[in-house]
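> What follows is a structure written as structure tokens; I'll ask about it next.
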Amino acid sequence: MTNQSNDAVSKLADLVGRGQIEEALNQYPEQEPEIRMLQQIASLPPQYVRSLLEKTVQANAKHQQALRLSRAGMLREAEVAFDQTLQLVPEFVAVYMNRAILYAKTGRDSKAIADLQTAVRLAPRSERARGMLAQAQAGGWNRFKI
């Protein structure tokens, strides 16, 4: 992860840790599923929490790999990596949004729209997800980049 993403994770964890859930949701709307999950973690056994964290780290690494592959034009390999990421963490909103762009690049608009609908369902406060869905439904795919 980059220093910027580490800083964001630290800030998010701090907000959730202090019980400032609404503030966390306002600052990080794409992370709504994760924020809701963090609310529930406090009562879980430590070994289960460790397992969740390990999956999250693996999913983040796989997502970064998918992005690199996509940017390199290796779209089939990127799609496999996006799929593997979602197998680890099915609520990973950014993956749905990025995979939607890949689907659009490969002419699979209905799959792209389905992924964006999933992203909006998982993170209804996300203006980015809602905006992407509206643009996609209007045929505005050319504005999207991974």
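> Might you tell me the accessible area per residue for the chain, computed with a 1.4 Å probe and given in Å²? Working shown, then result.
Values: 8500 Å² over 146 residues.
With all protein chains present, the chain gives 58 Å² per residue.
> Keeping all protein chains in the complex and leaving out DNA, RNA and ligands, what accessible area do you get for Arg76 with a 1.4 Å probe, in Å² to the nearest 10?
Counting only protein heavy atoms, Arg76 exposes about 140 Å² to solvent.
> Using only the alpha-carbon atoms, how far is helix 3-17 inclined from the longest principal axis of the chain? Give it as 0 to 90 degrees, nearest 10.
On a 0 to 90 degree scale, this one is about 50.
> Sticking with this structure for a sec: How large is the direction-averaged shadow of the alpha-carbon convex hull of region 12-120, in nm²?
Values: hull surface 28.4 nm².
Mean orientational projected area (region 12-120, Cα hull): 7.1 nm².
> I'd like to know which of Leu75, Leu86, Gln39 lies farthest towards the positive end of the charge dipole of region 1-91, counting +1 on Cβ of Lys and Arg and -1 on Cβ of Asp and Glu.
Leu75
> Here's a follow-up. Which aspartates and glutamates, if any, have their Cα less than 16 Å from the Cα of Lys55, not counting same-chain residues under 8 positions apart?
Glu34, Asp83, Glu91
> Okay, moving on. Nearest 20 debye, what's the magnitude of the dipole of the chain about its Cα centre given +1 on Lys and Arg Cβ and -1 on Asp and Glu Cβ?
With Lys and Arg at +1 and Asp and Glu at -1, about 420 debye.
> Can you tell me the orientation of helix 109-122 relative to the chain, as the angle in degrees between its alpha-carbon axis and the longest Cα principal axis, to the nearest 10?
20 degrees
> Whole Å is fine, so just give me how far the alpha carbon centre of region 17-92 lies from that of region 97-132.
Cα centres, region 17-92 to region 97-132: 16 Å.
> Would you work out the relative contact order for region 1-140, in percent, from Cα pairs under 8 angstrom that are 6 or more residues apart? Mind showing how you got there, number by number?
Working: 130 pairs, mean separation 30.5, N = 140.
22 percent.
> Of all accessible surface on the chain at a 1.4 Å probe, what whole percent is carbon and sulfur? Mind dumping the intermediate values first?
Values: 4330 of 8500 Å².
Reported share for carbon and sulfur atoms: 51 percent.
> Rank these residues by their accessible area, most exposed first, probe 1.4 Å: Ser10, Ser126. Could you put the intermediate results ahead of the total?
Details: Ser10 75, Ser126 0 Å².
Highest to lowest solvent-accessible surface, that is Ser10, Ser126.
The values are calculated or read from the model by the stated rules, or taken from the named source; none is laboratory data. Only a predicted model underlies this, so the values are computations on that prediction, with no experimental measurement involved. FYI the Cβ positions are ideal-geometry reconstructions off the backbone, even for glycines, and counts take in every protein chain you see. Keep in mind that these areas ignore ligands, DNA and RNA; they rest on the heavy atoms of the full protein, side chains included. Shrake-Rupley method; radii C 1.70, N 1.55, O 1.52, S 1.80 Å.
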